[in-house]
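S.K.: If you scroll down you'll find the structure; I have some questions about it.
Bear in mind that the values in this text are calculations on the coordinates, not laboratory data. Quantities reported herein were computed from a predicted structural model and do not represent experimental measurements. Glycine gets a Cβ as well: all are built from the backbone with ideal geometry, and neighbour counts include every protein chain shown.
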Amino acid sequence: MTSIIIPVHKEKDNLRNLINELSWLKGIDASQIIVALSPESNYSPKAEDSTEVRFLNCTKKGRASQMNEASKIANGDILVFLHADVRPPKSFLNDIQRTIKSGYDAGFFSYKFDKENFFLRMNASFTGKDSIFTGGGDQCLFIRKSVFEDLGRFNEEQLLMEDFEFFKRMKKNKVPYRIVQNDLIVSARKYEKNSYVRVNLSNLLLVALFNLGYPGKKLKYLHDRLLRVS
């Protein structure tokens, strides 16, 4: 079974849209959806949602904490971590199963943005191959649950870039992974609220500081002052 885990803080509209778009999963016995709600989430499940999706009211706020908590109740032997503002292709469960059956323990997806723009297309082109940005949460990490647990799950002290920190451990432990060449659709809202140059320069700075060992709290503090995200 595949368990799709969606961490949510303040993503009411995006989450409802994603749940609607995942309606094609209904009746597929080999899948499970868990929405990991932060204690401050503004999402109130409707009755029709709860029949298809399991909502987990998490005890701690933070993507790493929420995803870890959801992973502990997941029934699947494959975990998929999907952001609420990312739209997967309809074949992505088959893509995941094929990748795992091919001998890989984990994987990611390439993606494109939901806005047509030369610079955004250029950014997205790097997601189809290994680079310094590989492993970001928008690429939808999927991984064998046993491997995820053996690696110690996400580091809950890493308040920002928990995905990159986990990927760093994957590489250190030589976990075989593959980047699936089947684009997810990722929201360009961060670029719309800021600017292409501001987002890219901020991302480069944050990645550089992360690689230099800056703690998660300081990275989160800096990120929230460099970029408008709400």
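S.K.: In region 74-152, what trypsin sites (Lys or Arg not before Pro) fall in a loop by DSSP, with at most 13 other Cβ atoms inside 10 Å?
M.R.: LYS90, LYS115, LYS129
S.K.: Among TYR221, TYR196, what is the fewest-to-most ranking by other Cβ atoms within 10 Å?
M.R.: With the sparsest Cβ surroundings first, the list reads TYR221, TYR196.
S.K.: Each residue of region 187-202 in turn: what ³J(HN,Hα) in whole Hz from Karplus with 6.51, -1.76, 1.60 and θ = phi - 60°, glycine and Pro shown as x?
M.R.: Those phi angles translate into 5, 9, 4, 4, 6, 5, 7, 10, 7, 4, 5, 4, 5, 5, 5, 5 Hz.
S.K.: Over region 2-187, what relative contact order in percent results from Cα pairs under 8 Å that are six or more residues apart?
M.R.: The normalised contact order for region 2-187 reaches 26 percent.
S.K.: Rounded, prolate or oblate: which fits region 117-230, taking a ≥ b ≥ c as square roots of the Cα gyration tensor eigenvalues, rounded meaning a/c under 1.5, else prolate when a/b beats b/c?
M.R.: Oblate shape, in that a/c is at least 1.5 and b/c is the bigger or equal ratio.
S.K.: So, one more: Go through ILE6, TYR111, ASN211 and say which Cα lies farthest out towards the positive end of the charge dipole of the chain; charges sit on Cβ, +1 for Lys and Arg, -1 for Asp and Glu.
M.R.: ASN211
S.K.: Sticking with this structure for a sec: Roughly how many debye, to the nearest 20, is the charge dipole of the chain about its Cα centre, given +1 on each Lys and Arg Cβ, -1 on each Asp and Glu Cβ, and no other charges?
M.R.: For the chain, the charge dipole is close to 560 debye.
S.K.: A further question on this structure: Sorted by mean Cβ packing within 10 Å, highest first, what order do the peptides 174-184, 199-209 take?
M.R.: Top of the packing list down: 174-184, 199-209.
S.K.: For the pairs LYS60/LYS190; LYS90/LYS172; LYS72/LYS217, note any where the Cα-Cα span goes beyond 30 Å.
M.R.: Violating the 30 Å Cα-Cα cut-off are LYS90/LYS172.
S.K.: OK, next. Hey, in the GNM for the chain with a 10 angstrom Cα cutoff, which one of ILE19, ILE73, ILE143 fluctuates hardest?
M.R.: ILE73
S.K.: Which residues make up the longest stretch of the chain that has no GluC sites (Glu not before Pro) in a DSSP loop with at most 11 other Cβ atoms within 10 Å?
M.R.: In short, 117-230.
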